[in-house]
Each structure stands twice: as C-alpha cells, then as structure tokens.
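Encoded as structure tokens, the structure appears first; notes follow it.
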Amino acid sequence: MGFIVGIDGPAGSGKGTVTKKVANKLGLINIDTGITYRCVALKVLNQKISLKDIEKIIEVAKNAKIYIDNTPNGDNVYLDGKNVTKDIRSKEVTKIVSQVSSIKEVRFIMVDMQRKLAEGKNVIMEGRDICTYVFPNADVKIYLDANIEERAKRRYKENQEKNINMTYEEVYENIRKRDENDKSKEIGALKVAEDSIIIDTTSLNIDEVVDKIIDIITLKKAKL
Ligand code: DC
C-alpha cells in the first residue's frame, strides 16, 4: 500500500490548483477524480443520451476507456483514445456532471477505477468522497472549504482564463446547484469525514493553503 492523501471539498474550494502544487512539491501522483465523472458526462452528451436513461448511462460508464496523463503542466485526459482535456470542462458537461455522478452504479464503476489508479502508489487524490468512501483509511485526510461567493469568484476567473464563456451569475448558480446535488447523493455524498482536517480557504491564498497541507503531510510522515 502506498501513501495516500485525500482532499475533499466543493467546487471552487481550491482543491484542483492546490493539489497539483502539493503533488509537484512532494513528488506525489495527483489524481483528480472529477475527471472520471466528467468523461462519462461528456460521452452522455456526445451520444445524446437522455439523463433519464440510467441503463444507457451505466453502459457508457462501463465502456469508457479513460486515461489520465499526469504532466507538470496539468493533466491530459484521453477518452476512448481521443484527447478531451478541454471538452470535459465545457459549460454543457459542467451542467450535467453532478447528476451523472449521482447514479449509484456509475459511482461504483468510477470508484473502482480510482482505487486501481492509486494502487501501490504515493498519491494525492482530490474529489468529494475520497476520505469518506474511496479511501476511508487514507494516511492524511483534508477537507477544503470556502464560502460560495468566493468559490464562484474563483471559478469565474478560472473560466475566463480558459476561455470558457459563463457569466458570474451562471457560475454561481451552477455551483449552488452542484453543492446541493453533491451533498444529497445516496452514495459518496460530499461531507466531512470524522477525522478530516478542515481548512477554510476563503481568506487564504493558494500558497498559504499549499504550505498548510505540506506541513500536515510532513508531520504525518514523521510519525510513520
Ligand atoms: O471536481 P469537479 O468539479 O471536476 O467534479 C465534477 C463533478 O463530479 C462534481 O459536480 C461532483 C462529481 N464528483 C463526485 O461526485 N465525486 C468525486 N470524487 C469527484 C467529483
């Protein structure tokens, strides 16, 4: 068993950016589990499958060949052999991904894939249910949070940098709906694990959060 750091938190809490930085600094493999759900959502859109057609969506999840190429400049994502790095961040995918990820069977398939990706490696894995469900025995468990206005502001800015066309109001509403949906899932709901350390990032900059997490990991490693 490798060393596992789990990072959970809602959209815009800073998970993505912070996790990549910590991974680079400590030489850990970074696994963004949201990518797996985004790939299924993209396939559902491409194949024009109705969100009510649960059986077909499960079939799509079963057959999705997802490959994540971890580079220091970010992840390159391949779905069935095609580079979908940009497509999985589109407005359309972002709108339906939480709903797709609420399907129990889709979660079982994706969680299985996520556990395999981490097998025997030293990883930092980010998502919603890493510390509660995917790796309840992770060596380090962290929950990142921030108030919704700050999270919407961050995501809006990030979208502008990536040329994703969404107004601040659209981003805010999307995050609000996703929070609601992510927190009420039957399995793998977004919640704080009993033994997770909560970091409120509302008034912290990225480097301050990175330093805090590195301190927590270093302390834990010293005790092993
Ligand atoms: O982190 P993200 O915004 O890329 O995640 C996209 C969606 O996937 C999010 O709305 C909830 C879902 N998700 C999940 O249910 N469980 C995870 N471990 C990661 C993401």
| query | When the dipole is taken about the Cα centre of the stretch 115-204, and only Lys, Arg (+1) and Asp, Glu (-1) are charged at their Cβ, what size is it in debye, to the nearest 20? | reply | 280
| query | Longest span of the chain, sites excluded, free of GluC sites (Glu not before Pro) in DSSP loop with at most 13 other C-beta atoms within 10 Å? | reply | 1-118
| query | For Tyr67, what is the net charge nearby, where nearby means another residue's Cβ is under 15 Å from its Cβ and Lys, Arg count +1, Asp, Glu -1? | reply | 0
| Length added when fully stretched, Lys221-Glu169, from 0.36 nm per residue minus Cα-Cα | 14.5 nm
| request: Treat the count of other C-beta atoms within 10 Å as a stand-in for reagent exposure and order Asp69, Asp145 from fewest to most. | output: Asp69, Asp145
| message | Contact order normalised by length for the stretch 14-119, with contacts defined as Cα pairs under 8 Å and 6 or more residues apart; what percent is it? | response | 28
| query | Tally Lys/Arg at +1 and Asp/Glu at -1 over every other residue whose Cβ is under 10 Å from the Cβ of Asn174; what's the total? | reply | +2
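With a sphere of radius 15 Å drawn around the Cβ of Ile96, what net charge do the other residues whose Cβ falls strictly inside it have (Lys, Arg +1; Asp, Glu -1)?
Once positives and negatives cancel, what remains is +4.
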| query | Helix 15-26: angle to the longest alpha-carbon principal axis of the chain, degrees 0 to 90, nearest 10? | reply | 50
| Most mobile listed residue (Ile54, Ile88, Ile142) in the chain, GNM with C-alpha springs under 10 Å | Ile54
| task | With a point put 7 Å past each Cα toward its Cβ, work out how far Lys121 is from Asn24 in nm, to one decimal. | result | 1.8
| remark: Listed residues Lys153, Lys15, Lys25; largest mean-square fluctuation, Gaussian network over the chain with Cα springs below 10 Å, found at Lys25
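Each reported figure results from applying straightforward, stated rules to the coordinates on display, with no laboratory input. The shown structure was predicted, so the numbers you read here are calculated from the model rather than taken from an experiment. Heads up, the Cβs are rebuilt from the backbone with ideal geometry, glycines too, and the neighbour counts pull from every protein chain shown.
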